[in-house]
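Beneath this line is the structure, given in structure tokens, with notes to follow.
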Amino acid sequence: LYDPVHDPATPRRLALAADLREALESDGLDVCFQPKVELATGIVRGAEALVRWNHMRLGRVRPDEFITIAEHTGDIRALTMVVMRKALAQCRHWRDMNLDLAVAVHLSARNLLDLHLVDDVSAVLEEAGVPPSSLTLELTESMVMSESTRSVDVLYGLNDLGVRLSCDDFGTGY
């Protein structure tokens, strides 16, 4: 049965898709950082980058809504790179302040199908001037378990680049 909740072509989603593309081009997205704390010592070891969108008319748009739209429209690559650039620029800033903090960025399942991802990540790391080991790319368990040949090739390329790979939400899927 038809349910408008699952329709990717609702007027709201179509409007958000156009607005998201504009936000990507005009630096209209924010990246916030959630600290990652070592439990044994209480020392902050890094941070997780979280993208936020304060829409000009609608206010805060939930990440699960606009990330899904980005996946459907093909804008996920641009969204991922905006988040990664901002996260690595912040990582560079922390390093300049003598804070040896790593940053984590979530990847979408669609990102793992992008054969340009390894080159894009390498370029952004070089642009930010931070070592690959300062970046952790977080993947969900279901993404890793999909076993797509292309995804495996991309994961090996990222590993060879020297970035860290992390399984997010481990134990909640498989």
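The values are calculated or read from the model by the stated rules, or taken from the named source; none is laboratory data. Computed from a prediction, not measured in an experiment: that's the story for all the values here. Neighbour counts run over all protein chains shown; Cβ positions are idealised from the backbone, glycine included. SASA here: full protein model, heavy atoms, side chains in, ligands and nucleic acids out. Shrake-Rupley method; radii C 1.70, N 1.55, O 1.52, S 1.80 Å.
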Hits in segment 103-135 (condition: buried (at least 19 other Cβ atoms within 10 Å of the Cβ) and under 16 Å from Asn159 (Cβ atoms)): Ala104, Val105, Leu107, Asn111, Leu112, Leu117, Val118, Val121, Leu125, Ser134, Leu135
Mind checking which residues of segment 32-47 are touching a residue at least 40 places away in the same chain (Cβ under 8 Å) and either closer than 13 Å to Ser108 by Cα or open to solvent by 30 Å² or more (accessible area, probe 1.4 Å) (or both)? Phe33, Lys36, Val44, Arg45
Out of Arg92, Arg150, Arg85, Arg77, report the one residue that is in contact with a Gly (Cβ under 8 Å, 6 or more places away or on another chain), assigned to a helix (DSSP H, G or I) and either open to solvent by 30 Å² or more (accessible area, probe 1.4 Å) or not acidic (Asp, Glu) (or both). Arg92
Hey, does segment 51-73 have a residue that's open to solvent by less than 60 Å² (accessible area, probe 1.4 Å), closer than 17 Å to Ser166 by Cα and in contact (Cβ under 8 Å) with a residue 24 or more places away in the chain? no
So Leu99 passes all but one of these: (1) open to solvent by 30 Å² or more (accessible area, probe 1.4 Å); (2) among the hydrophobic types (A, V, I, L, M, F, W, C); (3) part of a helix (DSSP H, G or I). Which condition number does it fail? (3)
